[in-house]
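Read through the structure below, which is laid out as C-alpha cells, and then see the notes.
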Amino acid sequence: EAGVAQSPRYKIIEKRQSVAFWCNPISGHATLYWYQQILGQGPKLLIQFQNNGVVDDSQLPKDRFSAERLKGVDSTLKIQPAKLEDSAVYLCASSLTARGNSPLHFGNGTRLTVT
Amino acid sequence: KQEVTQIPAALSVPEGENLVLNCSFTDSAIYNLQWFRQDPGKGLTSLLLIQSSQREQTSGRLNASLDKSSGRSTLYIAASQPGDSATYLCAAVQGGSEKLVFGKGTKLTVNP
C-alpha cells in the first residue's frame, strides 16, 4: 500500500511569513494526525482529525496555526505568521482507527526552517 | 499529565549484542504502548503495539514488554545488527483520550 505522502520535503522562510504543508494519508485511514518534532525531542501532537472532524487540538497554537481536512482525506497545516521557534519537522500520520488501536503510519515529514 | 521518559538517551553497542531499551511512564492508566523506530531524516515506523491487557509482543528479533503497575516498558533487541542503528521512541496512549505521548527517544548505534 502507498504510504503517507507529505509535501514539501523542506521549506525555508523568514519569520512573519506564512507557510502551508500538505498531507495525503493512507487510503481508508479515518484518523489523521499532525505532529511537531523539534530536534532532539519526541513528536508533539498538534491536531488530530477523525474523518473531517477535530478530535484534539489542545496543543495547537491557534493564534498562528490552523489545519483543515476537507472531505475527510487530505489535510493542510498552515502557520501564519511564523516564528523562529516554529523551526521543526512537521510529521503527518494516519491510522485505520482512533484511540491508537491500530498502528500509526508516518510520512517523512516537512523540515521547516524559520530565519 | 502523562510524561514518558526514555533512558539512556544514546547507546552504542558492538554488532551481535543483545540489548534492552527502557521506557517509563508516569500515569499507569494507559490504553496501549507503542514502540517506533526513526531513521535520520525520516518519519517514524511502527514496530510493536502492546495493548494494556497484554504483557508482551514479539516481532522477529524484537520483543517489547509492558508492566503497567510499575509504569515501565522495555524493548529487547536480539543479536543486534548495524541496520538496527536508529532512534527508538516509545509512546503511551492515555486511557480516556486518543493522544499518544512520546518519549524523547534512545539513539542506538550498532558498530560493525
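The values are calculated or read from the model by the stated rules, or taken from the named source; none is laboratory data. Computed from a prediction, not measured in an experiment: that's the story for all the values here. Every residue, glycine as well, gets a Cβ built from its backbone with ideal geometry; the counts of neighbours run over all protein chains shown.
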Check on B:Leu48, within 13 Å of another protein chain (Cβ to nearest Cβ) and touching a residue at least 12 places away in the same chain (Cβ under 8 Å): yes
Every residue from segment B:18-45 that is in a loop (DSSP other than H, G, I, E, B) and either free of Cβ contacts under 8 Å to residues at least 60 places away in the same chain or under 24 Å from A:Tyr35 (Cα atoms) (or both): B:Thr26, B:Asp27, B:Ser28, B:Ala29, B:Asp39, B:Pro40, B:Gly41, B:Lys42, B:Gly43
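Looking at segment B:76-112 only, could you name the residues that are among the β-branched types (Val, Ile, Thr) and more than 9 Å from every other protein chain (Cβ to nearest Cβ)?
B:Ile77, B:Thr87, B:Thr106, B:Thr109, B:Val110
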Only one of B:Ser69, B:Ser73 that is modelled with pLDDT under 95, away from every other protein chain (no Cβ under 13 Å) and either in a strand (DSSP E or B) or touching a Ser or Thr at 6+ places or on another chain (Cβ under 7 Å) (or both): B:Ser69
Single unsatisfied condition, B:Ser65 versus (1) over 15 Å from the mean Cα position of the chain (by Cα); (2) free of Cβ contacts under 8 Å to residues at least 40 places away in the same chain: (1)
Residue pairs meeting the criteria (Cβ under 7 Å; at least 6 apart or on separate chains; first under 9 Å from A:Ser94 (Cβ atoms), in segment A:1-29; second loosely packed, with under 12 Cβ neighbours inside 10 Å and acidic (Asp, Glu)): A:Ile26/A:Glu1
Any hit, segment A:37-46, residues being in a loop (DSSP other than H, G, I, E, B) and of a type in the set (Lys, Arg): no
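Return the residue satisfying two criteria in turn: it lies in segment B:2-61 and is of a type in the set (A, V, I, L, M) and surrounded by fewer than 19 Cβ atoms within 10 Å (Cβ to Cβ), and of such residues it is farthest from A:Gly40 (Cα to Cα).
Going residue by residue through segment B:2-61, those that are of a type in the set (A, V, I, L, M) are B:4, B:7, B:9-11, B:13, B:19-21, B:29-30, B:33, B:44, B:47-50.
After this cut, where a residue has to be surrounded by fewer than 19 Cβ atoms within 10 Å (Cβ to Cβ) as well, the list is B:7, B:9-11, B:13, B:19-20, B:29.
On the way: B:Ile7: 14, B:Ala9: 10, B:Ala10: 11, B:Leu11: 15, B:Val13: 21, B:Leu19: 22, B:Val20: 21, B:Ala29: 27 Å.
Once the filter is applied, the top-ranked residue is B:Ala29.
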